[in-house]
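This report refers to the structure that appears directly beneath it.
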Amino acid sequence: MRKRPLPTNGQPVKEFMVCPPDMLSFDQKTRERFVAHMARRFPDRTFTVLSGANVALRYEYLILPVMGSVGDGGELFDEPSQAFIAELYETADAFEAAPERERLAS
């Protein structure tokens, strides 16, 4: 028997998983800087960087909204708008993986 999908709870998605481009090296410090970069623009959201997940594209970020939970008491959040997703990608693309002093040294 197929169950009906859960109705959304009327709340926006608050959590996002981010896979950086394969060409960028994201060590722990870079992950922390990236999360801080995203949090400055979107302070009411949380971001988790999944380096080495083998799902990102070579030159582009992959940003996945955490849409909810399953099981007893599971719920679904409202789907983010395409405009909001575009803002997330623009902000991620503006991140400089190498700190300024490292870029100037090379």
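Computed from the coordinates by the stated procedures, all read-outs in this text should not be read as laboratory data. This structure is a prediction, so every number in the text was calculated from the model and none was measured. Quick reminder, even Gly has a Cβ in these numbers, built from the backbone with ideal geometry, and neighbours come from all protein chains shown.
If r is the Cβ-Cβ distance from residue 44 to residue 24 and R0 is 35 Å, what FRET efficiency results, to the nearest 0.05? Walk me through the intermediate numbers first.
Numbers: r = 26 Å, r/R0 = 0.74.
After rounding, the FRET efficiency stands at 0.85.
Give or take rounding to whole Å, what are the principal axis extents of the alpha carbon atoms in segment 8-105, in descending order?
Cα extents, longest axis first: 52, 26, 21 Å.
Grab the Cα-Cα distance for residue 14 and residue 95, subtract it from 0.36 nm times how many residues apart they are, and report the gain in nm with one decimal. Working shown, then result.
On the way: separation 81, 0.36 × 81 = 29.16 nm, distance 2.03 nm.
Extending this stretch completely gives an extra 27.1 nm.
Relative to the present Cα-Cα distance, how much length would full extension add between residue 78 and residue 66 at 0.36 nm per residue of separation? Provide the component values of the computation, followed by the final result.
Values: separation 12, 0.36 × 12 = 4.32 nm, distance 1.04 nm.
Extra length available between residue 78 and residue 66 comes to 3.3 nm.
Near residue 67, within a Cβ-to-Cβ distance under 13 Å, what is the net charge of the other residues, with Lys and Arg +1 and Asp and Glu -1? Present the calculation step by step, with values, prior to reporting the outcome.
Values: positive: 14; negative: 15, 75, 78, 79.
Surrounding charge for residue 67 is -3.
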